[in-house]
Number of protein chains: 2
Amino acid sequence: MPKNPPESFTPPPNLTRERRGLTVINTGNGKGKSTAAFGTMLRAWGRGMNVCAVQFIKSEKSMYGEQMAAEKLGIDIIASGRGFTWTSKDLSEDESRAQHGWALAKEKIESGEYDVIVLDEFTYPITYGWIDVEDVIECLKNRPEMLHVIVTGRDADTKIVEYADLVTEMNEIKHPYRDQGIPAQKGVEF
Amino acid sequence: MPKNPPESFTPPPNLTRERRGLTVINTGNGKGKSTAAFGTMLRAWGRGMNVCAVQFIKSEKSMYGEQMAAEKLGIDIIASGRGFTWTSKDLSEDESRAQHGWALAKEKIESGEYDVIVLDEFTYPITYGWIDVEDVIECLKNRPEMLHVIVTGRDADTKIVEYADLVTEMNEIKHPYRDQGIPAQKGVEF
C-alpha cells in the first residue's frame, strides 16, 4: 500500500492494517496458560506499554514467581483469591473475593489507562457461576478500543470463546507429576 | 517428612521431594509456545534465578517485545537467526547461523551459570537437519543437574519429546488472521 494512497483507494479487506485490542483466551488442561499470558505482558511491557493483571485464584499472601517479578518491574498484579481452597464447604468467601476481583478488573478495563490486562484464572469463577459471563462480555464489548485482554483458565465458557479473537488450547502431552512422580519445580512451575 | 528423618526412613517414591532441572517442550501450531517460555523465564527471574535465551530464528537486528524487555531486565537473549527467510534458495547462511546458535547454547548449558535456559524456536533447525538431535539429547543428559531447559517450536522431534519431562502442545482454536483478517498486533503478538 503506498504511503499516501489516493482517496479513491480502498484496500481489500484482507490487507487492512486494522489496529485494535484483541481478546485472547489461553485455555486447556496443559501448562502454559498463565505463563504465556505473563510472557505477553512482559513483551508488551518491553515495548513501553501499560500492563496489569488480576489473578482470580492465587492469594495475595502467596509469593509466586510472577508476583515477585511484577514487583521488581513495577507492574501491578492484584491477587484476589485465597488459593485453591475449593475442598472447603464454605465457598462464600471465595465467591465474594472473585466478585471483588471482577469489580477491580472492570475498573481497570474501563479506566483507559492500560494497553494489556491479564485476567488470570478468570474462567473458574465464571464456570462456578460467581461471575455472570454476559456481564463479562458486555464489559469487553464496551472496553477501550485498543485494549488487549487476556483470559486464562481451563474450560473457558463457550460464550466467551465465541466472542474472543484469539483462542489457544494448551494440551498436556507429557507431565512430570503424573508420568514420573516429580514434584513441581520452583521458578519453572510456580 | 520430618526435618531430620532417621536414617532408616525412606520416603515412598511418590512422596520424594526430588528437585532437579526439567526439560520442557512447548510445541504445536498455536500461539503461546515462546510467550509461555518467556513467561517462565520471567517467573524464574522474579525468584532471583539466573536465566537466558537463545533464539534460533529471530534476527538480532529485529526488535521484538521480549528482546526489549530482556534488555531492560538485564537478561541475556541471543538472537542467532536472520528472521524467517526460508523462501530464499540459499539456506546455507541460515544453517551456519543455527549451528553457531547451538554452539553458544551448548556453552551456556555447560557453563553451570544458569538456572533456566530457553532455546526459542529450536525445533526448526533440528527438523531441517541442521542440528543433530542426538547431539542435543547428549548435551541435555550431561547438563548441570538443576538446570531447566525450555525448547519451543512446532513439530518437535519425537526423540526430544521422548527425552523431555514436560511437553505441552499449544493448539489454535480461533485465530484473528485467519478468521477475521486482522493483522498481528504489536506488544501482544510480537
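Tabulated results
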{"item": "Residues that are outside any strand (DSSP E or B) and within 20 Å of B:Ser34 (Cβ to Cβ), drawn from segment B:101-124", "result": "B:Gly101, B:Trp102, B:Leu104, B:Ala105, B:Lys108, B:Ile109, B:Tyr114, B:Asp115, B:Glu121, B:Phe122, B:Thr123, B:Tyr124"}
{"item": "Top-ranked residue in segment B:11-32 [being under 23 Å from B:Asp115 (Cβ atoms) and modelled with pLDDT under 95; ranked as nearest to the other protein chains (Cβ to nearest Cβ)]", "result": "B:Gly32"}
{"item": "Sole exception among (1) touching a Ser or Thr at 6+ places or on another chain (Cβ under 6 Å); (2) crowded, with 19+ Cβ neighbours inside 10 Å; (3) not in a helix (DSSP H, G or I) for A:Asp155, by number", "result": "(2)"}
{"item": "Criterion: touching a Leu at 6+ places or on another chain (Cβ under 7 Å) and acidic (Asp, Glu) - qualifying residue of B:Asp157, B:Asp115, B:Asp94, B:Asp135", "result": "B:Asp115"}
{"item": "Qualifying positions in segment A:158-175 - buried (at least 18 other Cβ atoms within 10 Å of the Cβ) and either part of a loop (DSSP other than H, G, I, E, B) or more than 12 Å from every other protein chain (Cβ to nearest Cβ) (or both)", "result": "A:Ala164, A:Asp165"}
{"item": "Those residues of segment A:35-76 which are hydroxyl-bearing (Ser, Thr, Tyr) and not in a helix (DSSP H, G or I), in sequence order", "result": "A:Ser59, A:Ser62, A:Tyr64"}
{"item": "Failed item, numbered, when B:Cys52 is tested on (1) at pLDDT below 90; (2) within 16 Å of the chain's Cα centre (by Cα)", "result": "(1)"}
{"item": "Residues within segment B:56-82 that are touching a residue at least 40 places away in the same chain (Cβ under 8 Å) and more than 18 Å from B:Gly187 (Cα to Cα), tallied", "result": "3"}
{"item": "Residue in segment B:116-128 that is among the aromatic types (Phe, Trp, Tyr) and at pLDDT below 90 present", "result": "no"}
{"item": "B:Ser92 modelled with pLDDT of 95 or more and not basic (Lys, Arg)", "result": "no"}
{"item": "Breaking point among (1) out of contact with any strand residue (DSSP E or B) (no Cβ under 6 Å at 6 or more places or on another chain); (2) crowded, with 24+ Cβ neighbours inside 10 Å; (3) at pLDDT 95 or above, for A:Phe38", "result": "(3)"}
{"item": "Residue ID - farthest from the other protein chains (Cβ to nearest Cβ), chosen from residues in segment B:94-120 that are within 14 Å of the chain's Cα centre (by Cα) and touching a residue at least 60 places away in the same chain (Cβ under 8 Å)", "result": "B:Leu119"}
{"item": "Criterion violated by B:Met68 - all others in (1) at pLDDT 85 or above; (2) more than 8 Å from every other protein chain (Cβ to nearest Cβ); (3) out of contact with any strand residue (DSSP E or B) (no Cβ under 9 Å at 6 or more places or on another chain) satisfied", "result": "(2)"}
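The values are calculated or read from the model by the stated rules, or taken from the named source; none is laboratory data. Please read these numbers as outputs of a predicted model, since none were measured by experiment. Methodologically, a virtual Cβ is constructed for each residue, glycine included, from the backbone with ideal geometry; neighbour enumeration extends over all protein chains shown.
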